[in-house]
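What follows is one structure encoded as structure tokens, with my remarks underneath.
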Amino acid sequence: MEIRSLRHFSALAETLNYRMAAERLHLTQPALTRSIAALERELGVTLFDRDKRHVELTAEGAELLERARRVLVNADRLTATAGAIRDQYTREVRIGLYSIALAELTHPIIEAFCERYPHASVRVHDADFHRGIDPLLSGEYDVALLRENTTVSSLVTVPIFTEPAFVTLWKGDPLARASSVDVAEVFDQPWVTPDVLSDFWVCGDQRNGVPAAIGSHARSAAEMSATVAYQHMVGLTPMSGTRMAPHPGVSAIPPKEPIFSVAAIAYPATGFSPAAPAFAEVARRVAQRESARVPHAELAT
């Protein structure tokens with residue numbers, strides 16, 4: 001006897017209609033008829049009285065239905081338990097880190113997620129700026145930790161905190177020793193930017209429509225700093241970048257008109273892993289508890 005046969009029997013007993021039961025089971029009506037007849041032969045009892053107009057359970061069928069339902073409930077429970085056991089040992093969460101990710105909160109957040117979901121296998125990857133958000137949309141990453149200052153319809157973006165951003169200049173630039181810089185003073189210089197997501201990296205909202213002179217697209221935060229230092233370009237970095245990835249040939253100057261970087265969790269808007277929203281929730285809770293780890297950061301609302 002197969003579980004499938006009991007499901008067919010249960011569906012017909014509930015609907016007392018071959019057509020409706022077949023539709024529910026995604027079968028053809030003749031296939032359901034053959035399945036019920038085969039089950040009756042195997043059990044040696046008639047389960048249904050039927051004619052051209054009516055289908056009714058026999059007394060034997062009604063008695064067996066209750067037992068069949070218990071078998072099906074137990075089979076579903078067994079399947080669910082097996083799935084949970086399998087997931088405990090096979091679930092993998094792939095995390096892409098863009099640039100400095102969530103600064104000093106990156107490690108506590110990933111660590112808290114591992115503690116909350118001990119059976120998850122976490123894989124962390126340094127994201128290549130040149131690939132943009134393609135790894136997220138293609139399923140290569142389940143979730144990303146990044147800086148995002150625009151809305152991308154293909155992503156769910158969960159802001160975690162904001163922090164000031166600084167203009168980066170090579171040490172020999174005349175403005176490198178200034179206490180602050182008007183970004184308009186360096187608009188005509190070539191800029192290095194990650195080839196991802198938004199024009200935040202070239203102060204696009206302060207340019208009044210004037211396009212930026214892009215000198216280079218970098219693959220990583222380290223490459224951005226090296227490009228500023230050795231090719232004498234201009235860049236932008238979150239304040240935490242000056243602590244976590246300083247470069248001896250680069251000066252980071254606060255802009256006169258403040259610019260803020262949004263640290264966020266992102267995952268695909270459709271077809272996402274169940275781990276993605278769970279990770280975002282863990283990140284929000286850790287940030288609420290430990291935001292002081294990131295100096296000058298403000299929790300996102």
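The values are calculated or read from the model by the stated rules, or taken from the named source; none is laboratory data. No experiment lies behind these values; they were computed from the predicted model shown. Here the Cβ positions follow ideal geometry from the backbone for every residue, glycine too, while neighbour counts run over all protein chains shown. In case anyone asks, the SASA skips ligands and DNA or RNA and just uses the protein heavy atoms, side chains included. Shrake-Rupley method; radii C 1.70, N 1.55, O 1.52, S 1.80 Å.
In the range 40-55, the residues that are without any contact (Cβ under 8 Å) to a residue 60 or more places away in the chain reach residues that are assigned to a loop (DSSP other than H, G, I, E, B) and polar (S, T, N, Q) with C-beta atoms within less than 8 angstrom, at least six apart or across chains, in these pairs: 40/46; 45/58; 46/58; 47/58; 48/58; 49/58; 55/17. The set of residues from the range 144-174 being in a loop (DSSP other than H, G, I, E, B) and not polar (S, T, N, Q) comprises 148, 152, 171, 172, 173, 174. Inside the range 149-172, residues that are out of contact with any His (no Cβ under 8 Å at 6 or more places or on another chain), of a type outside the set (Val, Ile, Thr) and open to solvent by less than 10 Å² (accessible area, probe 1.4 Å) make up a count of 3.
Of all the residues in the range 173-192, those that are closer than 16 Å to residue 260 by Cα and open to solvent by less than 20 Å² (accessible area, probe 1.4 Å) number 2.
Among the residues in the range 77-86, are any in contact with a helix residue (DSSP H, G or I) (Cβ under 9 Å, 6 or more places away or on another chain) and open to solvent by 50 Å² or more (accessible area, probe 1.4 Å)? The answer is no; no qualifying residue exists.
For the range 256-275, the condition of being closer than 30 Å to residue 140 by Cβ, touching a Gly at 6+ places or on another chain (Cβ under 7 Å) and of a type outside the set (S, T, N, Q) holds for none of the residues.
When residues in the range 132-143 are screened for being open to solvent by 20 Å² or more (accessible area, probe 1.4 Å), assigned to a loop (DSSP other than H, G, I, E, B) and under 24 Å from residue 238 (Cβ atoms), 1 of them pass.
Any chance the range 11-19 includes a residue that's open to solvent by less than 80 Å² (accessible area, probe 1.4 Å) and assigned to a loop (DSSP other than H, G, I, E, B)? Checked against the condition, which is being open to solvent by less than 80 Å² (accessible area, probe 1.4 Å) and assigned to a loop (DSSP other than H, G, I, E, B), the range 11-19 yields at least one hit.
Applying a threshold of 8 Å to beta carbon distances and a minimum spacing of six or more residues, or different chains, the list of pairs starting in the range 124-135 at a residue that is aromatic (Phe, Trp, Tyr) and ending at one that is modelled with pLDDT under 85 reads 129/195; 129/196.
Picking from 7, 50, which residue would you name as being out of contact with any Phe, Trp or Tyr (no Cβ under 6 Å at 6 or more places or on another chain), closer than 23 Å to residue 74 by Cα, surrounded by 14 or more Cβ atoms within 10 Å (Cβ to Cβ) and among the basic types (Lys, Arg)?
7
The set of residues in the range 247-271 being open to solvent by 40 Å² or more (accessible area, probe 1.4 Å) and farther than 19 Å from residue 98 by Cβ consists of 248, 254, 256, 257, 258, 270, 271. Yes or no: residue 116 more than 16 Å from residue 287 (Cα to Cα), of a type in the set (D, E, K, R) and open to solvent by 30 Å² or more (accessible area, probe 1.4 Å)? Criteria not met by residue 116.
Taking the range 52-131 and the strands (runs of 3 or more DSSP E) fully enclosed by it, the elements with 1 or more residues that are of a type outside the set (Gly, Ala, Ser) and over 23 Å from residue 40 (Cα atoms) are at 92-97, 121-126. Restricting attention to the range 1-20, the residues that are among the polar types (S, T, N, Q) and free of Cβ contacts under 8 Å to residues at least 12 places away in the same chain add up to 1. Look at the range 205-226: where a residue is farther than 15 Å from residue 188 by Cα and open to solvent by 40 Å² or more (accessible area, probe 1.4 Å) and a partner is hydrophobic (A, V, I, L, M, F, W, C) and in a loop (DSSP other than H, G, I, E, B), sitting 6+ places away or on another chain with Cβ atoms under 8 Å, you get 222/245.
Pick from the range 24-47 the residues that are at pLDDT below 90 and assigned to a helix (DSSP H, G or I): which of them is surrounded by the most Cβ atoms within 10 Å (Cβ to Cβ)?
Applying the filter and picking the extreme gives 25.
Against the list (1) over 26 Å from residue 301 (Cβ atoms); (2) in a strand (DSSP E or B), the condition residue 177 fails is (2). Checking 45, 93, 73 one by one, the residue that is farther than 30 Å from residue 276 by Cα and under 34 Å from the mean Cα position of the chain (by Cα) is 73 and no other.
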